[in-house]
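Here is the structure we will look at.
The values are calculated or read from the model by the stated rules, or taken from the named source; none is laboratory data. All of these numbers come straight from a predicted model, not from anything done at the bench. Every residue, glycine among them, receives a Cβ derived from its backbone with ideal geometry; neighbour counts consider all protein chains shown.
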Amino acid sequence: MQVDSLKEVPVRVVVENIISSRYSDNERPLSWDHRRAGIDVIKTNDNMTLKLLSDGGQTPPKPGWTILVSKGDSELGYKWTLYSMPRNLKN
């Protein structure tokens, strides 16, 4: 899969959709025993494909979320944190 490289970080991006998730149902398990770190691949609202390195405590990103990409690279994945969610988000 071809992913894009960010020119500089940190940067805020808006998640348009999820291309692939570390969880088959794109939902973080309730049990800590079943949570895991891994790669989530997203498409941003400006049509970039980013590989995100998510830790086991993070819910996979959701469409409409604004995330802050803090460090990393396109090959290994970018670390990120939730920045904001829209008020009308139904998920």
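Of the residues 66, 81, 49, the single one that is within 16 Å of residue 2 (Cβ to Cβ) and either in contact with a strand residue (DSSP E or B) (Cβ under 6 Å, 6 or more places away or on another chain) or at pLDDT 95 or above (or both) is 49. Contact map, segment 5-27: residues that are at positive phi paired with residues that are among the hydrophobic types (A, V, I, L, M, F, W, C) and surrounded by 14 or more Cβ atoms within 10 Å (Cβ to Cβ), Cβ distance under 6 Å, separation 6+ or inter-chain. Pairs shown: 26/18. Of the strands (runs of 3 or more DSSP E) contained entirely in the chain, not one carries at least 1 residues that are loosely packed, with under 15 Cβ neighbours inside 10 Å, in contact with a His (Cβ under 7 Å, 6 or more places away or on another chain) and among the charged types (D, E, K, R).
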